[in-house]
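The next block holds one structure in the form of structure tokens; read it before the comments.
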Amino acid sequence: MKFINYLTKITGVDIYAMSSFLIFFTFFIIVAIWALKADKKLINTLSNMPLDNPEN
């Protein structure tokens, strides 16, 4: 009783795998482009945020 047996019986199930991969890939590319084009001061500020917390 494996989950893959249920998936093979559904017609058109491959579209779900392809669409989820495309959504992930698009999100990854957008975040990578943002990270490369972001201001270096902003990146430095964001990376130091956990260390700047005076409550700890």
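What accessible area per residue comes out for the stretch 1-50, rounded to a whole number of Å², with a 1.4 Å probe?
Here the per-residue accessible area is 98 Å².
Carbon and sulfur atoms: what percent of the 1.4 Å accessible area of the chain do they account for?
71
Taking the structure as given and computing Cα Rg over 2.2 N^0.38 Å, which label from [x] 2.01; [y] 1.26; [z] 1.60 fits?
Recomputing Cα Rg over 2.2 N^0.38 Å here gives the entry labelled [x].
Taking the Cα centre of the chain as the origin, how large is its charge dipole in debye, to the nearest 20, when only Lys and Arg (+1) and Asp and Glu (-1) carry charge on their Cβ atoms?
My answer is approximately 240 debye.
The values are calculated or read from the model by the stated rules, or taken from the named source; none is laboratory data. Since the structure is predicted, the reported quantities are computational estimates derived from the model, not experimental observations. Counting neighbours? That spans all protein chains shown, and the Cβs are built from the backbone with ideal geometry, glycine included. Side chains are part of the model used for accessible areas, which takes the heavy atoms of the whole protein and leaves out ligands, DNA and RNA. Shrake-Rupley method; radii C 1.70, N 1.55, O 1.52, S 1.80 Å.
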